[in-house]
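To start, the structure itself, in C-alpha cells.
The values are calculated or read from the model by the stated rules, or taken from the named source; none is laboratory data. Only a predicted model underlies this, so the values are computations on that prediction, with no experimental measurement involved. Glycine gets a Cβ as well: all are built from the backbone with ideal geometry, and neighbour counts include every protein chain shown. Protein only, heavy atoms only, side chains kept; ligands, DNA and RNA dropped before computing areas. Shrake-Rupley method; radii C 1.70, N 1.55, O 1.52, S 1.80 Å.
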Amino acid sequence: MKSLASIMLLVALASGCVMPNVNHSGNPFGGGGYRVMIVHESGDLDDLTPEQEVIVFSTAAGSVRHYCELHCAQNNNDPDFRILDPDSPLDRDDPCFTKAKLAAEKKGLKPPYMAVGNGRRGWLGPLPPDTQAALAILKPLGSE
Amino acid sequence: MLYHGEQIFGDHNFRQLIGNGRSVMAGGEPRYLVDGYGEPCSKPRVSAYGSIQGATPFHERFTVLSREEIRERAIDLERTESRVSDLINFSSKDQNGTSYCWNNGVVGAVEACREMAGLPYVSLSPASVGGPITGYRNVGGWGEDALKYISENGIARSELWPDNAIEPKYMTAEVKADYENHQILEWFDLETDNVLQLWTMLVHRIPVPLGLNWWGHLIYGCDVVVQGNSLLTRIRNSWNDIWGAKNKHGVGGFGVLEESRSRGSQFGVRAVTASRSKRAA
C-alpha cells in the first residue's frame, strides 16, 4: 500500500499537479489558515484499516495528530484539526469545515476521506493508507 | 503497562475505594446506587439491555471480540499511543463531595469524545445536567438518565454554570442556548456486567460510563490494560487530578480495575456535537 501511494504521488507530480486532487480555484475551505479534517464513520469499526487508525488516533511524536497540533491554525490556543463522523452537523463549528465537507460531497467522496486546506490551496481525497502517505500530503501544504 | 504510580483495585483492596467494606463481595449489605433520587433502592437498577432510549444495542453494530483479540488490540493501541487515555489532555472532573458521580462520569466521557474529535477543549458542567433532572437536589442517580438528558438537551459550559453549582439560577437564556453545543449524537447500549462488551468498546476507543454497584459510584472506562495474563480496565474518576495516576500529558484521575471489579451498568458514548463553542462575548 505504501508503494501504491508513492506511485500515485509521483504520477500526480509528473502530470503537472503539485498534489493529487489539489484545488487550485481560490481559497480551499477559506478561513485563511491551515486546517485538516478527517471524516470517518465512527460507529463502523471496520471503517478504517489498522494503519489508518494510526493516522486518526495516534498521539505519538511524528504522528498526524502531532503534526496538526503544531501546524494547524490556532483558535483560542486549540488547533483547527477535526476528526468527524459524517453525520455530525457542522453548523456550530468553523464554516471552513462545512465548506470542506460540501466540497467532498460534490466530489462524491465517501468516508473515510481527508480534507486539507491552507487558505490558498488544498487537497481532498480518500484517507491515505498510512501515516507516511498522509504526512506527504500534509507537510507541503502546512509549510506554505 | 501501568502509568507511574497507578494502582490496581481488585478483590484484595477494593475497600480502599468504598471505605466501609460493606460490599456484596465482602458478605455485607450490597452498596447499590441510589434510585428515585434520594430514596435508597432495595435492589440494583439495571436497565434492560436494549431499553436505553435512542441507543444502538451492542450486538446490532458490533461483534464481541475474544480475549486474545482484545489483548492484541490493547497492546497495539499502547504501542501507537492511540488509547483513549493517550488522547485525554484535560484535567479530571471534580465532583467535590457532591453525589453527582452519575453526571460527572458521563460528562467526562463527552469531554473525552470531544478531545478525540479534535474539538477545542471546553470544560462542561455536570451540575447543568444533574440539576434539572433531580429538581436541583444533591442526590445519587443513574448514568442512563444523564445520557438521556444530554442526548436530548446537551450540557452547558462550566464557564457559564460552575461544575458543582446545583442551583436553578444558572438556567438562563444564554445557558439554554449553550446546551445544544454539547450533545451526544450516538451511543451504544451494552449488557450489564458483560466485560467482553466493555473491553470491545474500549479497544475501539469508545469511552464507557460504568456504574459500579459495589463501589456505589460511576466512572468512565478508557482503556484495556494488559498485565501479565490478565486484562484490566483503566478508568477515569471524578475526584480531581489528585486522585489516581497521571497520563503522559500530566493529567490525573486514572486507576485500574481488575476484571471482577469491572462489571457494572454500562453504555458507550461515541459521536458528539461538533461545536467550536465560542466563548461568551
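Data for the structure
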read-out	value
Among (1) outside any helix (DSSP H, G or I); (2) in contact (Cβ under 8 Å) with a residue 60 or more places away in the chain; (3) more than 12 Å from every other protein chain (Cβ to nearest Cβ) - the single one B:I206 does not satisfy	(3)
Given (1) within 14 Å of chain A (Cβ to nearest Cβ); (2) open to solvent by 20 Å² or more (accessible area, probe 1.4 Å), index of the condition B:W214 fails	(1)
Any hit, region B:234-246, residues being open to solvent by 10 Å² or more (accessible area, probe 1.4 Å) and in a strand (DSSP E or B)	yes
Pairs with Cβ under 9 Å, 6+ apart, first in region B:171-188 and without any contact (Cβ under 8 Å) to a residue 24 or more places away in the chain, second open to solvent by 40 Å² or more (accessible area, probe 1.4 Å)	B:K176/B:N153
The one condition in (1) hydroxyl-bearing (S, T, Y); (2) within 14 Å of chain A (Cβ to nearest Cβ); (3) closer than 25 Å to B:T56 by Cβ; (4) open to solvent by 30 Å² or more (accessible area, probe 1.4 Å) that B:Y149 fails to fulfil	(2)
Filter result (under 24 Å from B:G216 (Cβ atoms), open to solvent by less than 10 Å² (accessible area, probe 1.4 Å) and not in a helix (DSSP H, G or I)) within region B:84-120	B:Y100
Check on A:L127, modelled with pLDDT under 95 and more than 14 Å from every other protein chain (Cβ to nearest Cβ)	no
For A:F97: the one exception among (1) within 13 Å of B:A274 (Cβ to Cβ); (2) of a type outside the set (G, A, S); (3) touching a residue at least 60 places away in the same chain (Cβ under 8 Å); (4) open to solvent by 50 Å² or more (accessible area, probe 1.4 Å)	(4)
Of residues in region B:172-199 being more than 19 Å from B:A146 (Cα to Cα) and β-branched (V, I, T), the one nearest to the chain's Cα centre (by Cα)	B:V195
Only listed residue being open to solvent by 20 Å² or more (accessible area, probe 1.4 Å), at pLDDT 95 or above, farther than 28 Å from B:G141 by Cα and part of a helix (DSSP H, G or I), chosen from B:E81, B:E69	B:E69
Among the candidates B:L257, B:L196, residue that is open to solvent by less than 10 Å² (accessible area, probe 1.4 Å) and of a type in the set (A, V, I, L, M, F, W, C)	B:L257
Region B:235-281, residues that are of a type in the set (A, V, I, L, M, F, W, C), modelled with pLDDT of 95 or more and under 15 Å from the mean Cα position of the chain (by Cα)	B:I235, B:F254, B:V256, B:L257
Unique match (being open to solvent by less than 10 Å² (accessible area, probe 1.4 Å) and in a loop (DSSP other than H, G, I, E, B)) among A:G43, A:G108	A:G43
Tally of residues being more than 8 Å from chain B (Cβ to nearest Cβ) and open to solvent by 70 Å² or more (accessible area, probe 1.4 Å) across region A:67-82	5
When residues of region A:83-94 are limited to those that are within 9 Å of another protein chain (Cβ to nearest Cβ) and of a type outside the set (D, E), the one surrounded by the fewest Cβ atoms within 10 Å (Cβ to Cβ)	A:P89
Which listed residue is aliphatic (A, V, I, L, M), over 28 Å from B:V195 (Cβ atoms) and touching a Phe, Trp or Tyr at 6+ places or on another chain (Cβ under 9 Å), from B:I88, B:I133	B:I133
Any chance A:F57 is within 20 Å of B:S123 (Cα to Cα) and touching a strand residue (DSSP E or B) at 6+ places or on another chain (Cβ under 9 Å)	no
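Residues checked against (1) part of a strand (DSSP E or B); (2) modelled with pLDDT of 95 or more; (3) touching a Phe, Trp or Tyr at 6+ places or on another chain (Cβ under 8 Å):
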| position | (1), (2), (3) |
| --- | --- |
| B:S151 | no, no, yes |
| B:A165 | no, yes, no |
| B:F188 | yes, no, yes |
| B:G211 | yes, no, yes |
| B:G221 | yes, yes, no |
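Residue-by-condition table, conditions (1) within 14 Å of another protein chain (Cβ to nearest Cβ); (2) at pLDDT below 80; (3) under 23 Å from B:M201 (Cα atoms):
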position	(1), (2), (3)
B:Q16	no, no, no
B:M25	no, yes, no
B:R31	no, yes, no
B:P40	no, yes, no
B:R45	no, yes, yes
B:I52	no, yes, yes
B:P57	yes, no, yes
B:R73	yes, no, yes
B:D86	yes, no, yes
